[in-house]
1. Among the listed residues Arg96, Arg126, Arg176, which satisfies the condition of being in the same structural domain as Thr216 (by TED's automatic domain parsing) and surrounded by fewer than 18 Cβ atoms within 10 Å (Cβ to Cβ)?
2. Which of the residues that make up segment 393-428 are loosely packed, with under 15 Cβ neighbours inside 10 Å and either farther than 24 Å from Phe377 by Cβ or not assigned by TED's automatic domain parsing to the domain that holds Asn364 (or both)?
3. Look through Thr314, Thr281 and report the one residue that is out of contact with any helix residue (DSSP H, G or I) (no Cβ under 6 Å at 6 or more places or on another chain), surrounded by 13 or more Cβ atoms within 10 Å (Cβ to Cβ) and not aliphatic (A, V, I, L, M).
4. If you scan segment 466-516, which residues turn out to be in contact with a helix residue (DSSP H, G or I) (Cβ under 6 Å, 6 or more places away or on another chain), over 20 Å from Phe418 (Cβ atoms) and of a type in the set (Val, Ile, Thr)?
5. Take the residues of segment 509-525 that are touching an Asp or Glu at 6+ places or on another chain (Cβ under 8 Å) and within 24 Å of Tyr27 (Cβ to Cβ): which is surrounded by the most Cβ atoms within 10 Å (Cβ to Cβ)?
6. Which residue is farthest from the chain's Cα centre (by Cα), if the candidates are limited to segment 285-317 and must be in a loop (DSSP other than H, G, I, E, B) and at pLDDT 90 or above?
7. Being acidic (Asp, Glu) and farther than 17 Å from His26 by Cβ is the filter here, so list the residues in segment 266-321 that pass it.
8. Can you confirm whether segment 83-92 contains a residue that is surrounded by fewer than 16 Cβ atoms within 10 Å (Cβ to Cβ), over 30 Å from Asn364 (Cβ atoms) and out of contact with any Leu (no Cβ under 6 Å at 6 or more places or on another chain)?
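The values are calculated or read from the model by the stated rules, or taken from the named source; none is laboratory data. Because the structure is a prediction, the values reported are computed rather than measured. Here the Cβ is made from the backbone with ideal geometry for all residues, glycine too, and neighbour counts use every protein chain on show.
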Amino acid sequence: MSRPGFITFLEKDSPPMMFNAGDGFHYERLPEGTRVIYPPGPQEPLSDPNVAIERALLEPLGMEPLHDLLFPGMKLTIAFDDLSLPLPPMQRPDVRQLIIEKVLEKAHAKGVEDIDIVAALGLHRRMTEGELRHCLGKKIMSRYYPDRLYNYDAEDEENNVTIGETEEGEEVTISRRVAEGDLLVYVNINYIPMDGGHKSVHTGLSPYSSIRHHHTPDTLSHTRSLMDPPNSAMHASINRMGKLLDENIKVFHIETTLNNAAFPAFADFMAKPEHDWSPVTKANFLATHNATQRAPRRISRRVFHTIKGPHRMTSVQAGATDPVHAQTLKNNYEQQVVPVDGQADVLLLGIPYLGPYNVNSIMNPLLVYNMLLGYLFNLYRGKPLVREGGVLIGTHPMPEEFNKTHHPSYIDLWNEAFPETHDIREIHSRYEKKYAYDPWYRTLYRSSYAYHGAHPFTVLYWAAHALDHLGDVILVGGDPHTTSRMGLGRAQTITEALQMAEGTVGPNPSTTYMHIPPLFMCEVS
């Protein structure tokens, strides 16, 4: 059994708390009475993942068994989630490898020869050969790469096809290979409840012409939590698209959930409560803290990106989209949800070194903004952990650093738009189409390893609900130039940030620290 999440209130002599702060750590004593919410411990993994996968394929939800859907001469497409999940990347073997090997085994037994395997990127950057090999293993790579195993291309106009529009006028365009095939098998890792279900196809195998409908400031301002799909306008749009897709295309979903054993032993201080640190854990923390304080940021970043997580599968379910995803969400919430009594005036969060869009890369200012106001703020069901008009405080240096290969459109948007405005709706109206259709960004997306020209806009829009809800956002340790340009407040210490917050929420605010990583969610009563 896993350790349930728990809550404590700090006393006067409580030890300092560790905050993730990008490629390093912030370590500071918090005020007496601060509520600290700790994540649940890892759930027990499946004893034999291969047996569980086999059972899921033989006993699917709402569909025939996979082997009954396979036949000689058919066109089979297997798509899988890209490197943006899980975080950090999994130790080998990755669950995507285990599942796809099992699907291929069944396809070969039925005489299926026309098989394509597609990394479902959407507007994300292409995966490198090494990244694909880590995810899928040598056997699959040697047999299928590069001709039959490849990255989805959202800008390949000839090989994307429109299958219709929803009742709300949302264009549904997807990969021609999928649209004209006999079966799509989609392999998902549900690391956070925002992902999976219809979203897999309609962000992973769809171009900008479709994604632009559900990634807008207005849609995301009405998404009351990205992690709570029933209360998400974004998911409502995607589900309308999915309904149309299911009327035209046969899709067999295979979804998995993971436990939150995200860090190997030498880095377990990132996931353990400070009062549970052993002498070895303390020594590992101090060594890492001192090293990252002294080393150039590029070296610290490189070290952190070598970490591979010992995540393990806790469930696998297969079949029709809706019943599969309902079970996936149930299993995901069992690992992640912590019940919490009441909202806080001030919420404290450490911002990790790694997000879905800087794997083997740099968390630039726009991605720090996305992580704090998009991902971390939205880690709740029902209502936010911080009250309306409250203050969100995060810790990160937010340096003005970018990966020139991965984020070229981010760099140009940073230099063109942000000197004039940080208003996401103004940026949307003035710049999005220009960047989305720019031929140079399209070329870099297709031929290099660049995120799509529209991608920096989508990550900004994730902040829409948080910006509507909060009274102020303060970054501790942030670069003065970047925090100002992004429209955030800045403090040197958490103590200083809490003093600033009193100007917004009043004296003696109730303060909560959400102790991340690993990721978890709060259900606030």
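1. Values: Arg96 fails: surrounded by fewer than 18 Cβ atoms within 10 Å (Cβ to Cβ); Arg126 fails: surrounded by fewer than 18 Cβ atoms within 10 Å (Cβ to Cβ).
From the options Arg96, Arg126, Arg176, the qualifying one is Arg176.
2. The answer is Lys404, Thr405, Asn415, Glu416, Pro419, Glu420.
3. Working: Thr281 fails: out of contact with any helix residue (DSSP H, G or I) (no Cβ under 6 Å at 6 or more places or on another chain).
That would be Thr314, the only listed residue that is out of contact with any helix residue (DSSP H, G or I) (no Cβ under 6 Å at 6 or more places or on another chain), surrounded by 13 or more Cβ atoms within 10 Å (Cβ to Cβ) and not aliphatic (A, V, I, L, M).
4. The one that is in contact with a helix residue (DSSP H, G or I) (Cβ under 6 Å, 6 or more places away or on another chain), over 20 Å from Phe418 (Cβ atoms) and of a type in the set (Val, Ile, Thr): Val476.
5. The qualifying residue surrounded by the most Cβ atoms within 10 Å (Cβ to Cβ) is Thr511.
6. Our first condition is that a residue be in a loop (DSSP other than H, G, I, E, B); within segment 285-317, this holds for 295-296, 305-308, 310-312.
Then drop every residue that is not at pLDDT 90 or above, which leaves 296, 305-308, 310-312.
Values: Pro296: 27, His305: 16, Thr306: 19, Ile307: 17, Lys308: 16, Pro310: 18, His311: 15, Arg312: 17 Å.
Checking each candidate, the answer is Pro296.
7. Residues of segment 266-321 acidic (Asp, Glu): 268, 274, 276.
Once the filter is applied, which keeps residues that are acidic (Asp, Glu) and farther than 17 Å from His26 by Cβ, segment 266-321 yields Asp268, Asp276.
8. Let us first name the residues in segment 83-92 that are surrounded by fewer than 16 Cβ atoms within 10 Å (Cβ to Cβ), namely 91-92.
Add one more test, that the residue is over 30 Å from Asn364 (Cβ atoms), and what stays is none.
Within segment 83-92, not a single residue is surrounded by fewer than 16 Cβ atoms within 10 Å (Cβ to Cβ), over 30 Å from Asn364 (Cβ atoms) and out of contact with any Leu (no Cβ under 6 Å at 6 or more places or on another chain).
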